[in-house]
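The values are calculated or read from the model by the stated rules, or taken from the named source; none is laboratory data. None of the values given here were measured: they were computed from a predicted structure. Neighbour counts run over all protein chains shown; Cβ positions are idealised from the backbone, glycine included.
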Amino acid sequence: MTVPRRPRRPQPQRDRSSGPRGAGPPRGRSGPPRPPEVDPPRLAALELLTAVRVREAYANLALPSILRRHRLHDRDAALATELGYGALRAQGLLDAVIEACTDRPLIRVEAPLLDALRLGTYQLLRTRIPAHAAVDTTVELVRADGGSRAAGFVNAILRKVGERDEAGWVAELAPSAEDDPVGHAAFAHAHPRWIAQAFVDALQSTAEVDAALAADDARPTVHLLARPGEVTAEELAALTGGDAAPYSPYGVHLPPGSGEIGELDAISEGLAVVQDEGSQLVAIALARAGLHGPDGGRWLDLCAGPGGKAVLLGGLAVLEGAVLDAVESNEHRADLVRRAVDGLPVTVHTADGRAAPLPDGVFDRVLLDAPCTGLGALRRRPEARWRRRPEDVAGLAKLQRELLTAALRHVRPGGVVAYVTCSPHLSETVGVVGRVVRGADVGQVDARSLLPGVPDLGDGPAVQLWPHRHGTDAMFLALLRRTG
(Lines give C-alpha, C1' and ligand atoms only; values in the text may rest on other atoms or scores of the structure.)
Protein backbone atom coordinates (compact mmCIF):
# COMPACT_ATOMS: atom_id res chain seq x y z
CA MET A 1 0.00 0.00 0.00
CA THR A 2 1.28 3.42 -0.85
CA VAL A 3 1.26 6.00 1.97
CA PRO A 4 0.36 9.48 0.81
CA ARG A 5 3.18 12.03 1.25
CA ARG A 6 2.56 14.77 3.86
CA PRO A 7 2.31 18.19 2.25
CA ARG A 8 5.51 20.19 2.73
CA ARG A 9 5.21 23.21 5.02
CA PRO A 10 6.06 26.50 3.37
CA GLN A 11 9.41 27.80 4.61
CA PRO A 12 9.61 31.40 5.82
CA GLN A 13 11.48 33.78 3.56
CA ARG A 14 14.86 34.80 4.94
CA ASP A 15 14.98 38.54 5.65
CA ARG A 16 17.71 39.63 3.29
CA SER A 17 17.93 42.98 5.05
CA SER A 18 19.66 41.16 7.93
CA GLY A 19 21.89 39.12 5.66
CA PRO A 20 25.43 39.78 4.52
CA ARG A 21 26.42 43.35 3.74
CA GLY A 22 25.81 44.03 0.07
CA ALA A 23 22.65 41.92 -0.16
CA GLY A 24 19.74 43.73 -1.76
CA PRO A 25 16.40 44.55 -0.19
CA PRO A 26 13.94 41.69 0.43
CA ARG A 27 12.26 40.44 -2.70
CA GLY A 28 8.68 41.37 -3.20
CA ARG A 29 8.93 44.77 -1.44
CA SER A 30 8.13 47.86 -3.41
CA GLY A 31 8.58 51.58 -2.95
CA PRO A 32 11.62 53.59 -1.86
CA PRO A 33 13.65 52.47 1.16
CA ARG A 34 12.80 54.09 4.47
CA PRO A 35 15.03 57.05 5.24
CA PRO A 36 17.34 56.63 8.22
CA GLU A 37 16.01 57.95 11.49
CA VAL A 38 17.73 61.08 12.74
CA ASP A 39 18.12 62.24 16.31
CA PRO A 40 15.94 65.35 16.91
CA PRO A 41 18.27 67.17 19.37
CA ARG A 42 21.25 66.69 17.06
CA LEU A 43 19.21 67.71 14.04
CA ALA A 44 18.21 70.90 15.88
CA ALA A 45 21.84 71.60 16.78
CA LEU A 46 22.89 71.09 13.16
CA GLU A 47 20.15 73.47 11.99
CA LEU A 48 21.52 76.08 14.40
CA LEU A 49 25.01 75.76 12.91
CA THR A 50 23.52 76.11 9.44
CA ALA A 51 21.49 79.20 10.41
CA VAL A 52 24.59 80.91 11.82
CA ARG A 53 26.62 80.08 8.71
CA VAL A 54 24.05 80.78 6.01
CA ARG A 55 22.02 83.65 7.49
CA GLU A 56 24.63 85.01 9.88
CA ALA A 57 22.00 84.48 12.57
CA TYR A 58 22.66 85.13 16.24
CA ALA A 59 22.57 81.78 17.97
CA ASN A 60 20.65 83.01 21.01
CA LEU A 61 17.92 84.44 18.76
CA ALA A 62 17.75 81.54 16.28
CA LEU A 63 17.73 78.64 18.75
CA PRO A 64 14.33 79.15 20.47
CA SER A 65 12.38 78.89 17.22
CA ILE A 66 14.38 75.81 16.19
CA LEU A 67 13.59 74.12 19.51
CA ARG A 68 9.90 74.94 19.12
CA ARG A 69 9.82 73.60 15.56
CA HIS A 70 11.26 70.28 16.71
CA ARG A 71 9.11 70.29 19.87
CA LEU A 72 12.10 69.82 22.11
CA HIS A 73 11.81 70.34 25.84
CA ASP A 74 13.73 69.65 29.02
CA ARG A 75 16.63 67.23 28.47
CA ASP A 76 16.31 67.16 24.68
CA ALA A 77 16.30 70.96 24.51
CA ALA A 78 19.27 71.09 26.87
CA LEU A 79 21.20 68.61 24.70
CA ALA A 80 20.47 70.54 21.50
CA THR A 81 21.58 73.77 23.18
CA GLU A 82 24.79 72.27 24.54
CA LEU A 83 25.75 70.71 21.21
CA GLY A 84 24.85 73.75 19.10
CA TYR A 85 26.38 76.38 21.36
CA GLY A 86 29.37 74.20 22.14
CA ALA A 87 30.21 73.52 18.49
CA LEU A 88 29.92 77.22 17.67
CA ARG A 89 32.04 78.25 20.64
CA ALA A 90 34.81 75.73 19.90
CA GLN A 91 34.80 76.16 16.12
CA GLY A 92 38.46 77.14 15.71
CA LEU A 93 39.75 74.17 17.68
CA LEU A 94 37.32 71.80 15.96
CA ASP A 95 38.35 73.01 12.50
CA ALA A 96 42.04 72.49 13.25
CA VAL A 97 41.37 68.91 14.37
CA ILE A 98 39.13 68.16 11.38
CA GLU A 99 41.70 69.53 8.94
CA ALA A 100 44.38 67.35 10.53
CA CYS A 101 42.18 64.33 9.76
CA THR A 102 41.44 65.13 6.13
CA ASP A 103 43.49 64.98 2.94
CA ARG A 104 42.14 68.32 1.73
CA PRO A 105 41.95 71.89 3.06
CA LEU A 106 38.73 72.78 4.82
CA ILE A 107 37.83 75.27 2.11
CA ARG A 108 37.29 72.27 -0.19
CA VAL A 109 34.95 70.49 2.24
CA GLU A 110 31.30 71.17 1.45
CA ALA A 111 29.89 73.57 4.03
CA PRO A 112 27.00 71.30 5.17
CA LEU A 113 29.45 68.45 5.71
CA LEU A 114 31.76 70.73 7.66
CA ASP A 115 28.85 71.73 9.92
CA ALA A 116 28.16 68.06 10.60
CA LEU A 117 31.84 67.33 11.20
CA ARG A 118 32.01 70.15 13.73
CA LEU A 119 28.97 68.76 15.51
CA GLY A 120 30.42 65.25 15.62
CA THR A 121 33.90 66.38 16.60
CA TYR A 122 32.52 68.49 19.45
CA GLN A 123 30.72 65.44 20.82
CA LEU A 124 33.87 63.33 20.58
CA LEU A 125 36.19 65.83 22.23
CA ARG A 126 34.11 67.87 24.63
CA THR A 127 31.22 65.73 25.87
CA ARG A 128 30.75 62.42 27.66
CA ILE A 129 28.67 61.04 24.80
CA PRO A 130 30.05 57.60 23.86
CA ALA A 131 32.20 57.72 20.74
CA HIS A 132 30.05 55.26 18.81
CA ALA A 133 26.93 57.33 19.49
CA ALA A 134 28.65 60.56 18.48
CA VAL A 135 29.85 59.05 15.21
CA ASP A 136 26.77 57.04 14.29
CA THR A 137 24.24 59.80 14.92
CA THR A 138 26.30 62.32 12.95
CA VAL A 139 26.70 59.91 10.06
CA GLU A 140 22.94 59.31 9.94
CA LEU A 141 22.31 63.08 9.89
CA VAL A 142 24.54 63.34 6.84
CA ARG A 143 23.11 60.25 5.16
CA ALA A 144 19.57 61.66 5.38
CA ASP A 145 20.47 64.64 3.16
CA GLY A 146 23.78 63.81 1.52
CA GLY A 147 23.53 60.11 0.79
CA SER A 148 25.91 57.24 1.45
CA ARG A 149 29.02 58.75 -0.12
CA ALA A 150 28.88 61.86 2.06
CA ALA A 151 28.07 59.71 5.08
CA GLY A 152 31.10 57.55 4.40
CA PHE A 153 33.37 60.60 4.19
CA VAL A 154 32.11 61.94 7.51
CA ASN A 155 32.38 58.52 9.11
CA ALA A 156 36.02 58.16 8.08
CA ILE A 157 36.97 61.62 9.37
CA LEU A 158 35.23 61.18 12.72
CA ARG A 159 36.89 57.79 13.23
CA LYS A 160 40.26 59.53 12.91
CA VAL A 161 39.17 62.34 15.22
CA GLY A 162 38.22 59.78 17.85
CA GLU A 163 41.71 58.31 17.94
CA ARG A 164 42.76 61.05 20.39
CA ASP A 165 41.02 62.99 23.12
CA GLU A 166 41.00 66.78 23.28
CA ALA A 167 44.20 66.95 25.32
CA GLY A 168 45.94 64.72 22.79
CA TRP A 169 44.95 66.93 19.87
CA VAL A 170 45.98 70.09 21.75
CA ALA A 171 49.36 68.55 22.50
CA GLU A 172 49.84 67.73 18.81
CA LEU A 173 48.43 70.86 17.14
CA ALA A 174 48.75 73.81 19.53
CA PRO A 175 51.80 76.08 19.74
CA SER A 176 54.19 75.28 22.56
CA ALA A 177 53.05 76.55 25.95
CA GLU A 178 56.65 77.41 26.82
CA ASP A 179 57.49 79.25 23.61
CA ASP A 180 54.09 80.81 22.92
CA PRO A 181 51.82 80.79 26.00
CA VAL A 182 49.28 83.12 24.38
CA GLY A 183 49.01 81.03 21.22
CA HIS A 184 48.79 77.81 23.23
CA ALA A 185 46.03 79.15 25.47
CA ALA A 186 44.13 80.56 22.48
CA PHE A 187 44.18 77.17 20.72
CA ALA A 188 43.38 75.12 23.83
CA HIS A 189 40.42 77.31 24.78
CA ALA A 190 39.13 77.91 21.24
CA HIS A 191 39.76 81.65 20.83
CA PRO A 192 41.27 83.57 17.93
CA ARG A 193 44.78 84.57 18.87
CA TRP A 194 44.10 88.29 18.55
CA ILE A 195 41.38 88.07 21.20
CA ALA A 196 43.66 86.13 23.53
CA GLN A 197 46.30 88.84 23.06
CA ALA A 198 43.71 91.56 23.84
CA PHE A 199 42.95 89.79 27.13
CA VAL A 200 46.66 89.62 27.96
CA ASP A 201 47.07 93.33 27.21
CA ALA A 202 44.18 94.21 29.53
CA LEU A 203 45.43 91.88 32.27
CA GLN A 204 48.98 93.25 31.80
CA SER A 205 50.37 89.73 32.17
CA THR A 206 50.28 86.26 30.64
CA ALA A 207 49.90 84.71 34.10
CA GLU A 208 46.09 84.73 33.98
CA VAL A 209 45.53 84.18 30.28
CA ASP A 210 44.82 80.47 30.64
CA ALA A 211 42.29 81.04 33.44
CA ALA A 212 40.69 83.97 31.62
CA LEU A 213 40.20 82.05 28.38
CA ALA A 214 39.06 78.90 30.17
CA ALA A 215 36.34 80.86 32.01
CA ASP A 216 35.39 82.56 28.75
CA ASP A 217 35.09 79.14 27.08
CA ALA A 218 32.79 77.68 29.75
CA ARG A 219 29.02 77.62 29.66
CA PRO A 220 27.88 80.65 31.71
CA THR A 221 25.49 80.67 34.63
CA VAL A 222 22.20 82.45 33.99
CA HIS A 223 21.90 85.67 36.03
CA LEU A 224 18.61 87.38 36.83
CA LEU A 225 17.87 90.95 37.87
CA ALA A 226 15.26 91.33 40.61
CA ARG A 227 13.47 94.48 39.50
CA PRO A 228 13.93 97.15 42.18
CA GLY A 229 10.71 97.84 44.05
CA GLU A 230 9.05 94.69 42.67
CA VAL A 231 10.87 91.85 44.43
CA THR A 232 14.02 91.42 46.50
CA ALA A 233 16.91 89.22 45.43
CA GLU A 234 16.20 86.89 48.34
CA GLU A 235 12.54 86.57 47.35
CA LEU A 236 13.48 85.98 43.71
CA ALA A 237 16.00 83.31 44.71
CA ALA A 238 13.28 81.51 46.67
CA LEU A 239 10.86 81.76 43.73
CA THR A 240 13.33 80.41 41.18
CA GLY A 241 15.45 78.01 43.22
CA GLY A 242 18.52 80.18 42.60
CA ASP A 243 21.03 81.88 44.86
CA ALA A 244 21.40 85.55 45.68
CA ALA A 245 24.31 87.02 43.71
CA PRO A 246 27.55 87.64 45.60
CA TYR A 247 27.95 91.31 44.64
CA SER A 248 24.79 92.82 43.17
CA PRO A 249 22.02 93.47 45.71
CA TYR A 250 19.50 92.81 42.93
CA GLY A 251 21.11 89.73 41.36
CA VAL A 252 20.22 86.03 41.41
CA HIS A 253 22.23 83.15 39.91
CA LEU A 254 20.20 80.22 38.60
CA PRO A 255 21.50 76.66 38.99
CA PRO A 256 22.41 74.63 35.87
CA GLY A 257 19.49 72.87 34.24
CA SER A 258 16.89 75.47 35.24
CA GLY A 259 14.94 74.79 32.04
CA GLU A 260 13.37 77.36 29.75
CA ILE A 261 14.17 80.69 31.39
CA GLY A 262 11.32 82.47 29.63
CA GLU A 263 8.85 80.06 31.22
CA LEU A 264 9.78 81.05 34.78
CA ASP A 265 6.83 82.70 36.53
CA ALA A 266 9.06 85.49 37.82
CA ILE A 267 10.00 86.38 34.22
CA SER A 268 6.51 86.11 32.74
CA GLU A 269 5.04 88.18 35.59
CA GLY A 270 7.58 90.97 35.14
CA LEU A 271 9.32 90.55 38.48
CA ALA A 272 12.70 89.79 36.93
CA VAL A 273 14.69 89.97 33.70
CA VAL A 274 17.76 88.10 32.52
CA GLN A 275 20.80 90.31 33.11
CA ASP A 276 24.45 89.52 33.81
CA GLU A 277 25.61 90.57 37.26
CA GLY A 278 28.36 92.68 35.72
CA SER A 279 25.78 94.74 33.82
CA GLN A 280 23.91 95.27 37.07
CA LEU A 281 27.05 96.42 38.89
CA VAL A 282 27.98 99.16 36.41
CA ALA A 283 24.47 100.65 36.51
CA ILE A 284 24.35 100.45 40.30
CA ALA A 285 27.72 102.21 40.53
CA LEU A 286 26.36 105.12 38.48
CA ALA A 287 23.29 105.39 40.73
CA ARG A 288 25.53 105.39 43.83
CA ALA A 289 28.04 107.97 42.59
CA GLY A 290 28.13 111.21 44.53
CA LEU A 291 27.17 114.43 42.75
CA HIS A 292 28.51 117.93 43.17
CA GLY A 293 25.57 120.28 43.62
CA PRO A 294 21.88 119.51 44.11
CA ASP A 295 20.42 116.40 42.48
CA GLY A 296 17.82 117.46 39.94
CA GLY A 297 16.60 113.88 39.42
CA ARG A 298 17.23 113.75 35.66
CA TRP A 299 18.99 110.63 34.41
CA LEU A 300 19.91 109.57 30.86
CA ASP A 301 20.63 106.21 29.21
CA LEU A 302 22.24 107.23 25.92
CA CYS A 303 22.45 103.78 24.19
CA ALA A 304 19.54 101.97 25.78
CA GLY A 305 18.65 99.06 23.48
CA PRO A 306 17.43 96.44 24.11
CA GLY A 307 16.55 97.86 27.52
CA GLY A 308 18.09 95.75 30.28
CA LYS A 309 20.01 98.53 32.00
CA ALA A 310 17.13 100.97 31.41
CA VAL A 311 14.93 98.61 33.45
CA LEU A 312 17.41 98.70 36.33
CA LEU A 313 18.02 102.45 36.14
CA GLY A 314 14.29 103.10 35.79
CA GLY A 315 13.58 101.02 38.90
CA LEU A 316 16.31 102.81 40.85
CA ALA A 317 14.99 106.16 39.59
CA VAL A 318 11.60 105.37 41.14
CA LEU A 319 13.27 104.77 44.51
CA GLU A 320 15.19 108.05 44.20
CA GLY A 321 12.32 110.16 42.89
CA ALA A 322 14.09 110.64 39.55
CA VAL A 323 13.10 110.23 35.90
CA LEU A 324 15.04 108.63 33.06
CA ASP A 325 15.36 109.49 29.38
CA ALA A 326 16.47 106.56 27.20
CA VAL A 327 17.88 106.95 23.68
CA GLU A 328 18.15 104.19 21.08
CA SER A 329 18.96 104.71 17.40
CA ASN A 330 17.30 101.55 16.04
CA GLU A 331 13.51 101.69 15.87
CA HIS A 332 13.02 97.98 16.61
CA ARG A 333 15.35 98.10 19.60
CA ALA A 334 13.69 101.31 20.78
CA ASP A 335 10.38 99.44 20.80
CA LEU A 336 12.01 96.71 22.89
CA VAL A 337 13.09 99.37 25.36
CA ARG A 338 9.56 100.79 25.52
CA ARG A 339 8.11 97.37 26.29
CA ALA A 340 10.82 96.63 28.86
CA VAL A 341 10.31 99.87 30.84
CA ASP A 342 6.52 99.95 30.68
CA GLY A 343 5.21 101.38 33.95
CA LEU A 344 8.50 103.08 34.88
CA PRO A 345 9.26 106.84 34.70
CA VAL A 346 11.18 106.42 31.45
CA THR A 347 10.79 108.38 28.22
CA VAL A 348 12.22 106.59 25.18
CA HIS A 349 13.61 108.53 22.20
CA THR A 350 14.49 107.00 18.83
CA ALA A 351 17.60 108.94 17.86
CA ASP A 352 21.33 108.69 17.27
CA GLY A 353 23.01 109.13 20.64
CA ARG A 354 25.55 111.48 19.08
CA ALA A 355 22.81 113.95 18.14
CA ALA A 356 19.89 113.18 20.45
CA PRO A 357 17.18 115.91 20.65
CA LEU A 358 17.86 116.48 24.34
CA PRO A 359 19.14 119.54 26.21
CA ASP A 360 22.82 119.90 27.02
CA GLY A 361 24.19 120.29 30.52
CA VAL A 362 21.09 119.27 32.49
CA PHE A 363 21.37 115.56 33.34
CA ASP A 364 22.68 114.48 36.73
CA ARG A 365 23.64 110.95 35.72
CA VAL A 366 24.34 109.61 32.23
CA LEU A 367 24.93 105.98 31.32
CA LEU A 368 26.78 105.32 28.07
CA ASP A 369 26.83 101.57 27.47
CA ALA A 370 28.59 102.01 24.14
CA PRO A 371 28.39 99.69 21.12
CA CYS A 372 31.54 97.57 21.18
CA THR A 373 33.12 94.34 19.97
CA GLY A 374 31.43 92.39 22.76
CA LEU A 375 34.65 90.54 23.61
CA GLY A 376 33.58 90.55 27.24
CA ALA A 377 30.44 88.48 26.61
CA LEU A 378 31.78 85.83 24.23
CA ARG A 379 30.68 83.03 26.56
CA ARG A 380 27.06 84.14 26.04
CA ARG A 381 27.39 84.66 22.27
CA PRO A 382 29.06 81.51 21.01
CA GLU A 383 29.49 82.52 17.39
CA ALA A 384 30.81 86.05 18.09
CA ARG A 385 34.47 85.18 18.63
CA TRP A 386 34.77 83.83 15.07
CA ARG A 387 32.65 86.61 13.54
CA ARG A 388 34.57 89.57 14.95
CA ARG A 389 37.77 90.77 13.26
CA PRO A 390 40.65 92.91 14.58
CA GLU A 391 39.81 95.60 12.05
CA ASP A 392 36.40 96.07 13.71
CA VAL A 393 38.01 97.77 16.70
CA ALA A 394 39.07 101.03 15.08
CA GLY A 395 35.63 101.92 13.72
CA LEU A 396 33.95 101.10 17.01
CA ALA A 397 36.49 103.10 19.00
CA LYS A 398 35.74 106.16 16.86
CA LEU A 399 32.01 105.75 17.49
CA GLN A 400 32.66 105.29 21.21
CA ARG A 401 34.65 108.53 21.40
CA GLU A 402 31.88 110.43 19.62
CA LEU A 403 29.22 109.02 21.93
CA LEU A 404 31.27 109.75 25.05
CA THR A 405 31.77 113.34 23.88
CA ALA A 406 27.98 113.62 23.51
CA ALA A 407 27.40 112.10 26.95
CA LEU A 408 29.73 114.66 28.55
CA ARG A 409 27.87 117.42 26.71
CA HIS A 410 24.53 116.30 28.15
CA VAL A 411 25.67 115.96 31.78
CA ARG A 412 25.57 119.03 34.00
CA PRO A 413 28.64 120.38 35.83
CA GLY A 414 29.05 118.21 38.91
CA GLY A 415 27.14 115.34 37.30
CA VAL A 416 28.55 111.91 36.47
CA VAL A 417 28.88 109.88 33.26
CA ALA A 418 29.38 106.11 33.37
CA TYR A 419 31.30 104.96 30.30
CA VAL A 420 30.70 101.21 29.93
CA THR A 421 31.75 98.59 27.41
CA CYS A 422 31.28 94.85 27.39
CA SER A 423 34.86 94.49 26.19
CA PRO A 424 38.26 94.53 27.88
CA HIS A 425 40.07 95.60 24.69
CA LEU A 426 42.28 98.56 25.68
CA SER A 427 41.39 100.49 22.52
CA GLU A 428 37.73 100.41 23.56
CA THR A 429 38.26 101.12 27.26
CA VAL A 430 41.09 103.24 28.66
CA GLY A 431 42.06 104.29 25.13
CA VAL A 432 38.68 105.91 24.50
CA VAL A 433 38.51 107.51 27.95
CA GLY A 434 42.04 108.87 27.73
CA ARG A 435 41.52 110.54 24.35
CA VAL A 436 38.16 112.11 25.24
CA VAL A 437 39.01 113.49 28.67
CA ARG A 438 42.40 114.85 27.64
CA GLY A 439 42.13 118.62 27.91
CA ALA A 440 38.43 118.49 28.87
CA ASP A 441 36.88 119.75 32.10
CA VAL A 442 36.45 116.20 33.37
CA GLY A 443 37.76 114.27 36.35
CA GLN A 444 37.66 110.54 37.00
CA VAL A 445 35.83 109.10 39.99
CA ASP A 446 37.34 106.00 41.61
CA ALA A 447 34.74 103.42 40.61
CA ARG A 448 36.16 100.79 42.98
CA SER A 449 34.69 102.56 46.01
CA LEU A 450 31.21 102.19 44.53
CA LEU A 451 31.46 98.40 44.23
CA PRO A 452 31.96 97.35 47.87
CA GLY A 453 32.77 93.70 48.41
CA VAL A 454 33.91 93.10 44.83
CA PRO A 455 37.53 91.84 44.95
CA ASP A 456 40.45 92.16 42.50
CA LEU A 457 39.46 95.47 40.94
CA GLY A 458 43.00 96.59 40.20
CA ASP A 459 44.61 99.98 40.70
CA GLY A 460 41.65 102.12 39.60
CA PRO A 461 40.17 104.55 38.99
CA ALA A 462 38.38 102.54 36.30
CA VAL A 463 37.16 98.99 36.89
CA GLN A 464 37.52 95.92 34.69
CA LEU A 465 35.42 92.89 35.65
CA TRP A 466 36.35 89.36 34.46
CA PRO A 467 34.62 85.98 34.21
CA HIS A 468 37.54 84.18 35.88
CA ARG A 469 37.81 86.68 38.74
CA HIS A 470 34.21 87.74 39.35
CA GLY A 471 31.96 85.29 37.49
CA THR A 472 30.57 88.16 35.41
CA ASP A 473 30.97 89.26 31.83
CA ALA A 474 34.15 91.29 31.25
CA MET A 475 32.52 94.69 31.78
CA PHE A 476 34.58 97.88 31.84
CA LEU A 477 33.47 100.93 33.84
CA ALA A 478 34.89 104.44 34.00
CA LEU A 479 33.07 107.13 36.00
CA LEU A 480 33.67 110.69 34.81
CA ARG A 481 32.54 113.85 36.61
CA ARG A 482 32.14 117.03 34.60
CA THR A 483 33.98 119.78 36.48
CA GLY A 484 33.51 122.83 34.27
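Some notes on this structure:
- When 279, 268 are checked against the criterion of being hydroxyl-bearing (Ser, Thr, Tyr), in contact (Cβ under 8 Å) with a residue 60 or more places away in the chain and touching a Gly at 6+ places or on another chain (Cβ under 8 Å), 279 stands alone in meeting it.
- Whether a residue is buried (at least 23 other Cβ atoms within 10 Å of the Cβ) and farther than 14 Å from residue 227 by Cβ was assessed, and residue 305 passes this test.
- Among the candidates 221, 206, residue that is under 24 Å from residue 390 (Cα atoms), part of a loop (DSSP other than H, G, I, E, B) and out of contact with any Phe, Trp or Tyr (no Cβ under 8 Å at 6 or more places or on another chain): 206
- Residues that are over 23 Å from the mean Cα position of the chain (by Cα) and either aromatic (Phe, Trp, Tyr) or surrounded by fewer than 23 Cβ atoms within 10 Å (Cβ to Cβ) (or both) within segment 115-134 comprise 129, 130, 131, 132, 133, listed in sequence order.
- Among the candidates 318, 346, 337, the residue that is crowded, with 22+ Cβ neighbours inside 10 Å, closer than 29 Å to residue 293 by Cα and assigned by TED's automatic domain parsing to the domain that holds residue 292 is uniquely 346.
- Condition check for residue 176: surrounded by fewer than 17 Cβ atoms within 10 Å (Cβ to Cβ), of a type outside the set (Phe, Trp, Tyr) and within 25 Å of residue 476 (Cβ to Cβ): no
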